[in-house]
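Report on one structure; see the data block that follows.
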């Protein structure tokens, strides 16, 4: 029986040709699956940011974590990367990370009083809420410039998220704080003295949080109270004087 070359390898079932409708259907299904996955990732990311903003760790802990990550990532970058530009960036990022730790830590090699005074004098924006958030955006941008070094990129993502947490906490705290505006000075003075539990003429973070918790719709969580402290405290000492308190509410009134 003669074997025809054009019949070699043939089957009873003839292969189907290109089906445009079938490919369209597959494309739509892929897009729908991608949309579902994208929405799920977005939802998880949103929940993560909200958990950071409302969690018990607070802004100080998250800032120390970010500053420490910048220092470690810079050391790794200096070891594993070459080039003058990258080396200079790593040095600057290490200094910035150390500055963040210095501002937040109460003890340790970075927490010397002379360092804090130096930063508050020449980098006063670091003791303000939105100045700190803008600085973290700047740090994140520098970290992203170290592409494709994965440690810097991961730290950059964290610092970008942290800047958003600062802004979100500040916005939420400002709304609650302004609910007390349009009162006379006697009201603010009485409220301040009531919550100055140690009678030292200042409110620490716990006392400030207690003060707003004693007002209608004024309860502040940990991150909001820290944001409020950064907003009202004019010296960056981590405590609010009566004058700071009165000046802020006077300026907040329309």
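Computed from the coordinates by the stated procedures, all read-outs in this text should not be read as laboratory data. Being a predicted model, the structure only gives us computed values, none of them experimental. In this analysis, Cβ positions are derived from the backbone assuming ideal geometry, glycine residues included, and neighbour counts consider all displayed protein chains.
So residue 240 ticks every box in (1) surrounded by 21 or more Cβ atoms within 10 Å (Cβ to Cβ); (2) within 18 Å of the chain's Cα centre (by Cα) but one. Which box is left unticked?
Failed condition: (2).
Do the conditions hold for residue 179, that is, is it assigned to a helix (DSSP H, G or I), more than 30 Å from residue 114 (Cα to Cα) and touching a residue at least 40 places away in the same chain (Cβ under 8 Å)?
It is false that residue 179 is assigned to a helix (DSSP H, G or I), more than 30 Å from residue 114 (Cα to Cα) and touching a residue at least 40 places away in the same chain (Cβ under 8 Å).
Consider the stretch 129-166. How many of its residues are more than 13 Å from the chain's Cα centre (by Cα) and assigned to a helix (DSSP H, G or I)?
Matching residues across the stretch 129-166 total 9.
May I ask you to verify whether residue 169 is in contact (Cβ under 8 Å) with a residue 12 or more places away in the chain, surrounded by 13 or more Cβ atoms within 10 Å (Cβ to Cβ) and farther than 19 Å from residue 225 by Cα?
Here the answer is no, as residue 169 does not meet what is asked.
Name the residues in the stretch 185-235 that are in contact (Cβ under 8 Å) with a residue 60 or more places away in the chain, surrounded by 14 or more Cβ atoms within 10 Å (Cβ to Cβ) and over 24 Å from residue 125 (Cα atoms), would you?
Residue satisfying the conditions is 188 alone.
Tell me, please, whether a residue that is within 26 Å of residue 174 (Cα to Cα) and assigned to a helix (DSSP H, G or I) can be found in the stretch 78-100.
Yes.
For the stretch 96-123, what are the residues that are surrounded by 10 or more Cβ atoms within 10 Å (Cβ to Cβ) and over 19 Å from the mean Cα position of the chain (by Cα)?
108, 109, 110, 111, 112, 115, 116, 117, 118, 119, 120, 123
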